[in-house]
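The structure appears right after this line, and notes come after that.
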Amino acid sequence: PASYEYILTETPKPGVGLITLNRPKALNALCSPLFQELNDALSKYDQDKDIGAIVITGSEKAFAAGADIKEMAPLTFSSAYSNNFIAPWSHLANNIRKPVIAAVSGYALGGGCELALMCDFIYCTSNATFGQPEIKLGVTPGAGGSQRLTRIIGKSRAMDLILTGKNFSGKEAGEWGVAARVIDGGKEELLAETLKTAETIAGYSHVAVVANKEVVNKSQELSLREGVEYERRLFHALFGSKDQKIGMTAFAEKKKAEWSHE
Ligand code: CO8
């Protein structure tokens with residue numbers, strides 16, 4: 001694997017790429033070089049034929065305590081605007097086609113919460129701490145928090161959280177549908193469960209996995225009618241894949257499908 005300064009990469013299960021945010025002295029604050037490394041690792045896994053799912057995690061204490069406040073403090077409007085500050089953060093949401101799961105233990109605040117929300121789904125521990133505290137710093141969320149969180153938990157709860165800057169727990173994240181699952185225990189149990197799920201996903205046809213992610217994401221952008229039509233087109237298209245034949249033949253023959261990923 002490439003050598004990075006702020007992240008670790010490994011393949012702990014077949015088909016699963018694990019990215020661990022690793023800037024412990026700053027609770028994984030997301031400085032620009034960290035994000036460049038994250039984007040690079042995501043692109044590499046996305047292009048790697050042997051990888052079917054990606055997991056992003058942090059430490060027991062912090063998934064990520066936000067964008068790097070010390071880096072942002074001296075920014076001016078014109079430099080932020082001219083350099084399109086934060087735009088590279090959209091790489092995950094805009095360009096990565098394989099599923100990305102966030103495993104959140106500890107703090108996921110500000111940009112850390114937004115990074116988790118950009119992932120396809122979140123597993124967390126019950127005492128994880130989510131929040132959008134930007135109002136306390138005199139700004140707004142800048143990496144999609146006001147949009148993604150609001151779509152998930154609704155306007156009233158989002159207003160309450162974003163206008164007060166108060167945190168919410170992993171338990172609440174589970175109850176409100178921010179997290180797909182809340183895992184009992186600490187980081188170790190969380191990561192084990194998340195990797196198990198990632199391994200399940202990576203065990204399917206990668207063509208089908210990417211298509212399933214794509215159709216679910218379309219539900220966030222399109223009207224119901226357009227979304228259903230989009231889904232049907234892609235469903236039709238998959239009859240052109242080898243793996244559709246492999247999957248359906250294996251079912252009829254009561255065998256395990258040996259995917260070609262084609
Ligand atoms: N940026 C920079 N450094 C940080 C950050 C951060 N977001 N969070 C923690 N650190 C540093 C601390 O400064 C400290 O460094 P040092 O030892 O040099 O003083 C070290 O990490 C450890 O932190 P604490 O001593 O504060 O640890 P505690 O356990 O006492 O507290 C907290 C943990 C509660 C998480 C506390 O660190 C905290 O409140 N952090 C800031 C949380 C926050 O406000 N995050 C939102 C940031 S704004 C944001 O993300 C905007 C997103 C906009 C879109 C993306 C833009 C790039």
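The values are calculated or read from the model by the stated rules, or taken from the named source; none is laboratory data. Given the structure is predicted, the values throughout are model-derived calculations rather than measurements. When we count neighbours, we look across all protein chains shown, and the Cβ atoms used for this are built from the backbone with ideal geometry, even at glycine. Heads up: the accessible areas ignore ligands, DNA and RNA and are worked out on the full protein's heavy atoms, side chains in. Shrake-Rupley method; radii C 1.70, N 1.55, O 1.52, S 1.80 Å.
Some values worked out for this structure:
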| read-out | value |
| --- | --- |
| Solvent exposure of the stretch 51-118 as accessible area per residue, Å², 1.4 Å probe | 40 |
| Overall form of the stretch 15-55 per C-alpha gyration tensor (a/c, 1.5; a/b vs b/c) | oblate |
| Cα gyration tensor, the chain - rounded (a/c under 1.5), prolate or oblate | prolate |
| Cα centre as origin, Lys/Arg/Asp/Glu Cβ charges: the stretch 7-202 dipole, Debye | 360 |
| The chain: relative contact order as a whole-number percent, Cα under 8 Å and 6+ apart | 17 |
| Set of aspartates and glutamates with alpha-carbon distance to Lys44 below 20 Å, sequence-local pairs under 8 removed | Glu5, Glu10, Asp120, Glu199, Glu214, Glu262 |
| Within the accessible area of the stretch 89-243 (1.4 Å probe), percent carbon and sulfur | 52 |
| In degrees, nearest ten, helix 242-252 long axis to first principal axis of the chain (Cα) | 60 |
| Helix 155-164 vs. the chain, principal-axis angle (Cα, 0 to 90°, nearest 10) | 40 |
| 0 to 90° range, to nearest 10: angle between helix 224-237 axis and the chain longest Cα axis | 40 |
| Rounded to 5, percent antiparallel among DSSP beta bridges of the stretch 7-202 | 25 |
| Candidates Leu75, Leu117, Leu38, ranked by Gaussian network fluctuation over the chain, Cα under 10 Å, top entry | Leu75 |
| Cα centroid separation - the stretch 1-66 against the stretch 139-169, whole Å | 25 |
| Spatially near lysine pairs across the stretch 81-211, Cα under 19 Å, sequence gap of 8 or more or different chains | 5 |
| Residues of type lysines that Lys255 reaches as a straight line, Cα spacing below 18 Å, ignoring anything fewer than 8 places off in the same chain | Lys242, Lys245 |
